[in-house]
1. When both residues are 6+ apart or on different chains and their Cβ atoms are under 7 Å apart, which pairs have a first residue that lies in the range 26-54 and is farther than 22 Å from ILE128 by Cα and free of Cβ contacts under 8 Å to residues at least 60 places away in the same chain, and a second that is of a type in the set (Asp, Glu) and surrounded by 19 or more Cβ atoms within 10 Å (Cβ to Cβ)?
2. Testing ALA132 on (1) within 24 Å of VAL13 (Cα to Cα); (2) outside any strand (DSSP E or B), one condition comes back false. Which one is that?
3. Please go through the range 87-138 and give me each residue that is in contact with a Pro (Cβ under 9 Å, 6 or more places away or on another chain) and crowded, with 16+ Cβ neighbours inside 10 Å, ordered by number.
4. For the range 15-52, how many residues meet the condition of being within 16 Å of THR103 (Cα to Cα), of a type in the set (A, V, I, L, M) and surrounded by 16 or more Cβ atoms within 10 Å (Cβ to Cβ)?
5. Considering only residues of the range 62-86 that are surrounded by 11 or more Cβ atoms within 10 Å (Cβ to Cβ) and β-branched (Val, Ile, Thr), which is nearest to the chain's Cα centre (by Cα)?
6. Could you please tell me which pairs satisfy a Cβ distance under 6 Å, a separation of 6+ or placement on different chains, a first residue in the range 105-117 that is at negative phi, and a second residue that is among the aliphatic types (A, V, I, L, M) and modelled with pLDDT under 90?
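The values are calculated or read from the model by the stated rules, or taken from the named source; none is laboratory data. Computed from a predicted structure; not experimentally measured. Glycine gets a Cβ as well: all are built from the backbone with ideal geometry, and neighbour counts include every protein chain shown.
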Amino acid sequence: MANAIYNKYLEAVIQASANSSMAGSGTTGVYVALVDTGSYTFSQTHEFFSSVVAGQVGTEVELGTKTFAAGLFDAADSVLTAVSGNQSEALVVFIKNAGANTTWRLVGYIDTGVTGLPVTPNGGDINIGWNASGIFQF
């Protein structure tokens with residue numbers, strides 16, 4: 001699988017649906033989760049994080065210093081702390097809100113162009129070094 005933006009997210013943006021802004025405000029933010037592809041298989045039909053949760057390894061982390069320029073989304077490198085679990089081969093970017101994970105909108109699936117993937121957690125921190133060209137381009 002190559003990096004992809006979820007089609008359901010693109011549909012939500014076009015329709016200005018709830019939970020589609022990546023700017024974040026109040027209890028909404030853009031997060032990244034480490035994913036074991038042995039437990040989660042990417043599908044363009046997935047819309048919310050509840051589809052991914054079985055493959056999540058460790059605890060998601062909010063992206064900091066987000067930038068949006070000419071359709072390019074980027075953020076500061078991230079650190080997942082004290083991660084243990086299965087080998088992980090991908091990252092999922094999603095918009096988390098105060099509701100249940102059945103309302104956390106999936107944005108992007110990333111399995112290439114990120115330093116350190118795949119990774120086998122050992123209880124320590126995992127640094128996510130985003131591609132110098134940005135996380136993804138719309």
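1. Note: no pairs meet the criteria.
2. Condition not satisfied by ALA132: (1).
3. SER88, GLU89, ALA90, ASP111, listed by residue number.
4. Residues in the range 15-52 being within 16 Å of THR103 (Cα to Cα), of a type in the set (A, V, I, L, M) and surrounded by 16 or more Cβ atoms within 10 Å (Cβ to Cβ): 5 in total.
5. Looking at residues that are surrounded by 11 or more Cβ atoms within 10 Å (Cβ to Cβ) and β-branched (Val, Ile, Thr), I get VAL79.
6. Between residues of the range 105-117 that are at negative phi and residues that are among the aliphatic types (A, V, I, L, M) and modelled with pLDDT under 90, the close pairs are ASP111/MET1.
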